[in-house]
Amino acid sequence: MTTTKRAVRRAVMAALAMVLVPIWTAPAGAADTGAAGAGTITRISLAADRDIPRGETVDLLQRTMTLAAGEKRHLRGRLEATSTTTGIVGLTLRVRCINAAGATVPVVAASARNHEGSDTTTYAIPGHLPLYADLLLSAPTAGAYTCVLQGTAYSSLPGTYHLTAVAGSTWLEADDTDQTGARWWQNPACESADPSGACTYVGGGPARRDAWVFYDDGTPVQQWQAHPSAVTVSARANVELTTCYQGTASCSEAMQAYPRGQNAVVDTRFEFIQLDTTGHACRTHSTSARRTVTDDAHHSVGYSALSGIPIDSACGTRTFLMRVYVKHVSGQTVKIDGVQSGITSLTNGIAFNEFP
């Protein structure tokens, strides 16, 4: 890439921020059914490449399910995107479910990251950026619910360009049966620009050095009871982090210490803890990772999962606690993203019962 192109790419980054705008259309896809624990899942894959123009939200796939009141389904979406430009273009994936009246139920699950250009070689497949999002749909009333996989592209780059959702590699999965007793966690409110300073930050200066997602974020600690018939349990969490370089529109100004290019390194540890009768940890199950979040990517989601966790009768309870430890190691301060506009969740977790 020429020096001029790189300068243009860097100049437009200050204007990028996650834009959450719902637009509805009706896409088509092909369905596959597979096993998921004691039940099955259906995967609907994108049958043909689909363009996502700048500034637009495109419905890529959808599935309609008829549920009883209180019935729960886990939905997992994957969006793999290519780009027609070498410049940086923001990408947001959403999984949204609506009822017969058109209202969103219960929240929108989202993941966001900047596509770093068609010339990017750091992805598993050069130029192909994948994003995932998980949602637990819990039907408040009996009826039909339509769940949609959406993609949004946004940028202030000049010229004509677009992102493209890749056929086959873009899909939406949903359980075919009830996820009995499953539970949803989400981070508190945290708007993109954070004008009120409500978000949690880890880093230098006024930021915290570390934080516990779902545990010390100012909301009540949520505990989960495994079903009496469950033999094992599983859990997953998606944690979205955003770098706070100088001039970004995605962080409080007080948290912007360094110019673009500093990047950030954080350590994360996902924990799912079975408690004893005193409410303390009895058995801790965890997985750890060191994550580098570049200023070009700007947003980055860490996907963590633990499965086949035995329920230890010696603990005296079937109570579990979920939390994610995030520690700043070096570089930019990072924001731990939460719920935007009261409905879009960027950091969330789900616990599942596993039955024999």
Original post:
Looking at (1) open to solvent by 30 Å² or more (accessible area, probe 1.4 Å); (2) closer than 29 Å to R209 by Cβ; (3) of a type in the set (F, W, Y); (4) over 19 Å from the mean Cα position of the chain (by Cα), can you tell me which one F320 breaks?
Top reply: (1)
**OP:** Go through (1) open to solvent by 70 Å² or more (accessible area, probe 1.4 Å); (2) among the hydrophobic types (A, V, I, L, M, F, W, C); (3) out of contact with any strand residue (DSSP E or B) (no Cβ under 9 Å at 6 or more places or on another chain) and name the single condition A314 misses.
**Re:** (3)
Subject >> Sole residue being among the aliphatic types (A, V, I, L, M), at pLDDT below 95 and either under 21 Å from the mean Cα position of the chain (by Cα) or closer than 24 Å to S234 by Cβ (or both), chosen from I44, I88, I23 >> reply: I23
Original post:
K335: outside any loop (DSSP other than H, G, I, E, B), open to solvent by less than 40 Å² (accessible area, probe 1.4 Å) and in contact (Cβ under 8 Å) with a residue 40 or more places away in the chain, yes or no?
Top reply: yes
Original post:
Does G197 satisfy the criteria of being farther than 23 Å from A297 by Cβ and either modelled with pLDDT under 95 or touching a Pro at 6+ places or on another chain (Cβ under 6 Å) (or both)?
Top reply: yes
Original post:
Does the range 226-241 hold any residues that are over 17 Å from L306 (Cβ atoms) and among the small types (G, A, S), and which are they?
Top reply: S229
Original post:
So is Y145 under 18 Å from the mean Cα position of the chain (by Cα) and aromatic (F, W, Y) or not?
Top reply: no
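Yes or no, residue by residue, for (1) over 10 Å from L135 (Cα atoms); (2) surrounded by fewer than 24 Cβ atoms within 10 Å (Cβ to Cβ):
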{"residue": "E80", "(1), (2)": "yes, yes"}
{"residue": "L91", "(1), (2)": "yes, no"}
{"residue": "R96", "(1), (2)": "no, no"}
{"residue": "P106", "(1), (2)": "no, yes"}
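The values are calculated or read from the model by the stated rules, or taken from the named source; none is laboratory data. What you are looking at is a predicted structure, and each value in this text was computed from that prediction instead of being measured. Cβ atoms come from the backbone with ideal geometry, glycine included; neighbour counts cover every protein chain shown. Heads up: the accessible areas ignore ligands, DNA and RNA and are worked out on the full protein's heavy atoms, side chains in. Shrake-Rupley method; radii C 1.70, N 1.55, O 1.52, S 1.80 Å.
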